Amino acid sequence: MKTGMGWLWVSCLALGWAGECQAQSAKDKVWAAVQTARPAQMQFLKQLVNIDSGTGDVDGAHKIAGLLGFELKALGMTVETVPAEEPGLGENTVATLTGRGKTRILMIGHLDTVFEPGTARARPYREDAGHAYGPGVSDEKGGVVEGLYALKILHDLNFKDFGKIVYLIETSEERGSPGTRKLIAKLVADADVELNLEPGDEPDVLTVWRKGSATFHIDVQGRAAHAGVAPQDGRNAATELIHQISGLSEFPTSGDGLTANLTVMQAGTRANIIPENASAQVNVRVRDKSSLDEVERVLRKNAATTAVPDTKVTVTREPAFPPLPNNAGTDKLAARAQRIYAEIGKSLTTGGNGGASQSALAADAGVPALDGLGPAGGGFHSDKEFLALATVSPRLYLLTRLVMDLGPNPPPKK
C-alpha cells in the first residue's frame, strides 16, 4: 500500500486527475519549503536592515551586494557586478540562471532606502507580535530577501522549467533609477515578463497601476545686499521663491490623480544678507504622461511673471518613472497570482498607488509586468515603516509558485 504523496499520485492517475495532482504536489512541496525557510529568511532580512544603504551610500550598497552575491552564487547563478551609470551611486547586481523551459523571467528589487547614514544604528531591526520595523524593512529589503529565498526554494526543488531567470538588485530606485536606466532597458528587452518585489499594500494587495513621477526644480536668481545697511539694493530670491510656490495651489496635493507637493526648499546663507539665490523641488505624480507637460507649462508661465523686480526664475524637470497604467497584461498576471494564492486559502486584491517603480519601464516597453509582490507593509519613507509579518510566508509562496507557473507558459506580449 502506498503512503503519503506516492499514494496520492497513484490515486490521481487512476482517476484521471494527473493535472490536479501535479498542482497539489507542487503546492505541498513549496509550502513546506516556505515554512522551513522562514527562520533563515527573517534572520537574513534583519542582517540587511541593520546595514545602512540609502541611495548614494556606496559602502552600504557594497556590503549588501557582497552578502547577496555570495548567496546567489551558491545557487549556481552567474552573478555580475554592474557599476552605476552615474557617479556617487552603489553597484548593481545581476544574477542569471538558465533553465530548460521557455519563459525569460526578470525579477527586480532595490536595496537602496531613503534614510541617512546612522539610521540603522539608531533604529535597528525589531519585531513585535505583528510587524517588523527598521529602515527599508519593507521598502524594499523584505522583497529583495523574498526574491532570494524564492530562488533558493526553486533550487532545492530542482525546478528548471523556465528559459532564464534574471534577478536585478539595483541601488538607485528611490531617485528614479538614474544608475540603472540603460541596464534595465537592456534586461527588459530580453525578458518575457517582469516581476517587481516592491511591497504590497495592506492588507494583501497586488499593485496593478502606479503613478509616474518627476521632480521640478525652481531656481531663483536675485541680488545680495546688506540686510541692515542697504536692503533696498538687494533683490530677495527667497521672497520670489515663495511667490512662485504659491502658484502650485491650483494642483492637488493628494488623491489618485495628479498631485504636486513641495518637498525641498533652500535659501540664504547668513541672517544679515538678503538672499541672492533660492531653490525648491516639487515632486509631481501623474496617472498619464501628458499631465507632466501640463505642470511644466504652468510653472514656466508663472516663472515669466515675478513679484520681486530684477529676479530671474528658471524651471527644469528631472524625470523619474513613467506611469504604470491599468493594462491587460498586468491584469492577466494578477489573475494568475490570485489563483495561486487561493491554493493556500488566501485571497489577493488589486490596487495602485502614487509610488513609482521600474515596472512602468517594463510595461512601457511592452513587457507584461506585475508589481507589489513583496511582503505587505506601510509607513514607507518614514520612521514608522513596517512589514506585516503575516504576509511573509504567503508572499514567498506566491512568488515561488508564480515563477513555476510562468516558467513553461510565457504570457502574451502586447
* Exclusive hit being under 29 Å from residue 97 (Cβ atoms), modelled with pLDDT of 95 or more and either part of a loop (DSSP other than H, G, I, E, B) or of a type outside the set (A, V, I, L, M, F, W, C) (or both), set 383, 310, 405 -> 405
* residue 167, sole failed condition from (1) out of contact with any Asp or Glu (no Cβ under 9 Å at 6 or more places or on another chain); (2) in a helix (DSSP H, G or I) -> (2)
* Residue under evaluation residue 375, criteria (1) within 17 Å of the chain's Cα centre (by Cα); (2) open to solvent by 10 Å² or more (accessible area, probe 1.4 Å), criterion not met -> (2)
* Residue check, residue 171 against (1) over 22 Å from residue 352 (Cα atoms); (2) among the hydroxyl-bearing types (Ser, Thr, Tyr); (3) open to solvent by 10 Å² or more (accessible area, probe 1.4 Å); (4) at pLDDT 95 or above, all met but one. Which one? -> (3)
* Asked: Quick check, is residue 204 acidic (Asp, Glu) and more than 30 Å from residue 329 (Cβ to Cβ)?
  -> no
* When the residues of the stretch 340-367 are filtered to those that are in contact with a strand residue (DSSP E or B) (Cβ under 6 Å, 6 or more places away or on another chain) and open to solvent by less than 10 Å² (accessible area, probe 1.4 Å), which remaining residue is farthest from residue 175 (Cα to Cα)? -> 367
* Asked: Can you name the residue in the stretch 378-393 that is in contact (Cβ under 8 Å) with a residue 40 or more places away in the chain and among the polar types (S, T, N, Q) and is also surrounded by the most Cβ atoms within 10 Å (Cβ to Cβ) among such residues?
  -> 391
* To do: Report the residue count in the stretch 280-339 for those that are open to solvent by 40 Å² or more (accessible area, probe 1.4 Å), aliphatic (A, V, I, L, M) and closer than 19 Å to residue 219 by Cα.
  => 2
* Pairs with Cβ under 6 Å, 6+ apart, first in the stretch 394-414 and farther than 14 Å from residue 374 by Cα and touching a residue at least 60 places away in the same chain (Cβ under 8 Å), second assigned to a loop (DSSP other than H, G, I, E, B) and open to solvent by 50 Å² or more (accessible area, probe 1.4 Å) -> 407/161; 408/102; 408/161; 410/102
* What number of residues within the stretch 127-163 are charged (D, E, K, R), open to solvent by 60 Å² or more (accessible area, probe 1.4 Å) and not in a loop (DSSP other than H, G, I, E, B)? -> 2
* Residue that is assigned to a loop (DSSP other than H, G, I, E, B), out of contact with any helix residue (DSSP H, G or I) (no Cβ under 7 Å at 6 or more places or on another chain), touching a residue at least 40 places away in the same chain (Cβ under 8 Å) and under 30 Å from residue 127 (Cβ atoms), where the choices are 366, 355 -> 355
* **Condition check for residue 402: of a type outside the set (Val, Ile, Thr), under 20 Å from residue 167 (Cα atoms) and open to solvent by less than 10 Å² (accessible area, probe 1.4 Å)** => yes
* To do: Please go through the stretch 251-274 and pick out each residue that is closer than 21 Å to residue 323 by Cβ and either surrounded by 15 or more Cβ atoms within 10 Å (Cβ to Cβ) or of a type outside the set (Gly, Ala, Ser) (or both).
  => 251, 252, 253, 256, 258, 259, 260, 261, 263
* **Top-ranked residue of the stretch 84-126 - restricted to ones that are among the β-branched types (Val, Ile, Thr) and in contact with a His (Cβ under 9 Å, 6 or more places away or on another chain), ranked as surrounded by the fewest Cβ atoms within 10 Å (Cβ to Cβ)** => 114
* Structure fact -> Expected output for the stretch 300-315 (first residue at positive phi, partner in a helix (DSSP H, G or I), Cβ below 7 Å, 6+ apart or cross-chain) is none
* Given the structure, is residue 179 assigned to a loop (DSSP other than H, G, I, E, B) and surrounded by 19 or more Cβ atoms within 10 Å (Cβ to Cβ)? -> yes
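The values are calculated or read from the model by the stated rules, or taken from the named source; none is laboratory data. Here the structure is a predicted model, which is why all the values come from computation and not from measurement. Cβ sites come from the backbone with ideal geometry, for glycine too, and all protein chains shown count toward neighbours. Ligands, DNA and RNA are excluded from the accessible area calculation, which covers all protein heavy atoms including side chains. Shrake-Rupley method; radii C 1.70, N 1.55, O 1.52, S 1.80 Å.
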